[in-house]
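What follows draws every value from the coordinates through simple rules; no lab data is involved. Nothing here was measured: the structure is a model prediction, and the numbers come from that model. With ideal geometry, Cβ positions are generated from the backbone for all residues, glycine too; neighbour counts draw on all protein chains shown.
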Amino acid sequence: MAELRAPGMYHVRPARTEDGDALGRIDRDTWSTLHAVAPEPTPPYAPFYDATHLPEHFLVAVEDGTGEPLGYIRLVPPTPLPCNRHVRQIQGLAVAERARGRGVARALLRAAYDAARSQGAVRITLRVLGHNEPARALYASEGFAVEGVLPGEFHIGGAYVDDVLMGRGLD
């Protein structure tokens with residue numbers, strides 16, 4: 001994938017092994033019951049990359065000049081089935097607090113569309129918690145539609161929360 005640039009601010013590129021520590025910090029710093037289904041991370045922290053979360057699954061927005069990661073998106077096939085290989089799924093999107101409001105999440109989404117197309121995908125999906133209105137609004141503004149809801153699928157922070165499946169074509 002070619003790097004996508006937002007002039008004078010940041011650009012999106014494929015993740016590198018050396019990004020792991022910075023992406024782990026972003027992941028921990030942005031943890032919230034608004035979007036996380038896993039418990040809040042506590043020390044000692046597991047590595048960001050592992051056997052199922054490889055650098056090649058991620059795109060990273062980095063600050064121009066410093067190269068400091070501002071956020072990431074994880075893009076993977078939703079299943080290992082050959083009949084499903086035309087779909088890619090976003091399984092993680094995080095933007096550092098200091099970079100919010102600069103279009104980083106939208107740039108990461110758009111870079112993911114290009115990456116998915118280059119992998120032969122014609123469709124992209126994601127799952128978002130029902131109460132995460134800011135994320136749902138962003139996804140809707142990018143052409144994602146609600147394709148299914150699992151009511152009360154998660155119990156988070158003392159409340160039952162819907163799991164919302166959203167998707168869009170890549171044409």
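Structure data summary
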item	result
Charge tally in the Cβ shell below 12 Å around D171, where Lys, Arg are +1 and Asp, Glu are -1, D171 excluded	+3
Highest to lowest packing among 98-104, 153-159, 40-46, 80-86, scored as the average C-beta count within 10 Å	98-104, 153-159, 80-86, 40-46
Per-selection Kirkwood Rh - the chain (Cα, Å, 1 d.p.)	16.6
Net charge dipole size for the range 1-157 [Lys, Arg +1 and Asp, Glu -1 on Cβ; Debye, nearest 20]	480
FRET efficiency, R102 to A159 (Cβ-Cβ, R0 41 Å, nearest 0.05)	0.85
Selected from V149, V12, V62 as most flexible by GNM, with the chain as the system and alpha-carbon contacts under 10 Å	V149
The range 53-93, relative contact order in percent, only Cα pairs under 8 angstrom and at least six apart counted	32
